[in-house]
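Below you'll find the structure, written out as structure tokens, and then a few comments.
The values are calculated or read from the model by the stated rules, or taken from the named source; none is laboratory data. A quick note: this is a predicted structure, and the numbers were derived from the prediction, not measured. We place every Cβ from the backbone using ideal geometry, glycine too, and count neighbours over all the protein chains shown. Protein only, heavy atoms only, side chains kept; ligands, DNA and RNA dropped before computing areas. Shrake-Rupley method; radii C 1.70, N 1.55, O 1.52, S 1.80 Å.
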Amino acid sequence: MAKREDLSVKSDDQLSTQLGELKREQFNLRFQAATNQLEKPSRVREVRRTIARIKTLQGQRSKSAPAQG
């Protein structure tokens, strides 16, 4: 599970890339759950919470960024 401290040192591009990967993993986990092939049900929760952490951090960064223009 990614801690907030681990995520806060990453750049915006790295966070966007990780968010895309996590969303793909979440999609695959949903399919595995639907077909009863899920090995670690707790992973669904971890992925969902990490996605929320990244989105929160991105929102905070966009609010604190100086207004362009």
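Numbers below:
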{"item": "Residue-wise HN-Hα coupling along the stretch 12-18, computed from phi with Karplus coefficients 6.51, -1.76, 1.60 (Hz; x: Gly, Pro)", "result": "4, 5, 5, 5, 5, 5, 5"}
{"item": "Positive-end residue of 35, 66, 9, charge dipole of the chain with Cβ unit charges", "result": "35"}
{"item": "Peptides ranked, highest mean first, by Cβ atoms within 10 Å: ranges 10-19, 35-44", "result": "10-19, 35-44"}
{"item": "The chain, accessible surface, carbon-and-sulfur percent (1.4 angstrom probe)", "result": "49"}
{"item": "15 Å Cα-Cα reach of residue 40 towards aspartates and glutamates, excluding residues that sit fewer than 8 places from it in its own chain", "result": "25"}
{"item": "Relative contact order for the chain, counting Cα pairs under 8 Å that sit 6 or more residues apart, in percent", "result": "43"}
{"item": "Accessible area per residue in Å² at 1.4 Å probe, computed on the chain", "result": "78"}
{"item": "Charged-residue dipole, Cβ positions (Lys, Arg, Asp, Glu), the chain about Cα centre, Debye nearest 20", "result": "280"}
{"item": "C-alpha long axis of helix 42-64 to longest principal axis of the chain, angle in °", "result": "10"}
{"item": "Lysines whose Cα lies under 23 Å from that of residue 63, excluding same-chain neighbours fewer than 8 positions away", "result": "3, 10, 55"}
{"item": "Prolate/oblate/rounded call for the chain, Cα gyration tensor, a/c under 1.5 rounded", "result": "prolate"}
